1. Which whole-Hz ³J(HN,Hα) couplings does the stretch 20-32 yield from phi under the Karplus relation 6.51 cos²θ - 1.76 cosθ + 1.60, θ = phi - 60°, glycine and proline marked x?
2. Go through the stretch 35-51 residue by residue and turn each phi into a ³J(HN,Hα) via Karplus (6.51, -1.76, 1.60, θ = phi - 60°); whole Hz please, and just put x for glycine and proline.
3. With a 1.4 Å probe and all protein chains left in place, how much accessible area per residue does the stretch 1-155 have, in Å²?
4. How far apart, in nm, are the 7 Å Cα→Cβ label points at ALA157 and GLU10?
5. Name the residues whose placed amide hydrogens come within less than 5 Å of the amide hydrogen of THR41, ignoring near sequence neighbours (fewer than 5 apart) on the same chain.
6. How many percent of the accessible area of the stretch 92-177 is carbon or sulfur, using a 1.4 Å probe?
7. Could you work out the relative contact order of the stretch 1-106? I mean the mean sequence separation of Cα pairs under 8 Å and 6+ apart, divided by the number of residues, in percent.
8. What net charge do the residues around GLY54 carry, taking every other residue with its C-beta under 11 Å from that of GLY54, with Lys and Arg at +1 and Asp and Glu at -1?
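The values are calculated or read from the model by the stated rules, or taken from the named source; none is laboratory data. In this text the structure is predicted, and so the values were computed from the model without any measurement. FYI the Cβ positions are ideal-geometry reconstructions off the backbone, even for glycines, and counts take in every protein chain you see. Protein only, heavy atoms only, side chains kept; ligands, DNA and RNA dropped before computing areas. Shrake-Rupley method; radii C 1.70, N 1.55, O 1.52, S 1.80 Å.
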Amino acid sequence: MTAPSPSPQELHQRRLQQLATYLRESELILASWDAYSDEHTDESGWPHDEQAYGLRAAVRDAETWRAFNRVRSCAKELLATAEVQLQQLDTAAVRPHWPGRLAALHHALNRLNALQHEWLETRATLPASLKPGTEAYDDVLDERNSEAWHYLGEWSAHGQALLDIHAAARQAPSRLPGTGAAPSWAPATPAAPATSSTARR
């Protein structure tokens, strides 16, 4: 027997849980990196061994990218829902920094998606002999992860705003029946993709 499909509210809750998991994991990754950096740099912040330091930074970047992957596929929907919730909240319930943090998350997501697109295009041009684990392949992948580090950090720093907005929306009074307005906790429904005769690449 096929399990019933989750409701939009259940699906959104799962996405929020995935975001919360990323926030926890990224905090642990950053704490581990900070401990390593403190131990392996001098008083001026210069690493004792630049090569080893660079390799450890690449591990940090890759771990953070992998942790965010579970969120990246639904990040657009999370942001869209938060924006709807924010519009429906009473002004008194809105924290002043929320709109700015949503804007920062939007920008970071756009850059992360662009970096992923560039990586896929680059990977398609690599010789078949270059597999994961080969130096040339890993160098290109490390470059993507390194460029993504800042934007992954933006999601680590500001992602809590999505959870806070959702919590505020759940606590807000329900809309009056018959107004035609969705409850403030209802997830936004993504627009249906436009049909096109052009095949995807």
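1. 4, 5, 4, 4, 5, 5, 5, 5, 5, 4, 5, 5, 5
2. 5, 5, 4, 4, 7, 10, 10, 7, 5, 8, x, 7, x, 5, 10, 4, 5
3. Values: 9430 Å² over 155 residues.
The answer is 61 Å² per residue.
4. The two pseudo-label positions are separated by 3.8 nm.
5. HIS48
6. On the way: 2680 of 4980 Å².
After summing per-atom areas, the C and S share lands at 54 percent.
7. Details: 37 pairs, mean separation 32.0, N = 106.
Normalised by residue count, the contact order of the stretch 1-106 is 30 percent.
8. Values: positive: ARG56, ARG60; negative: ASP49, GLU50, ASP61, ASP142.
Around GLY54, the charge tally is -2.
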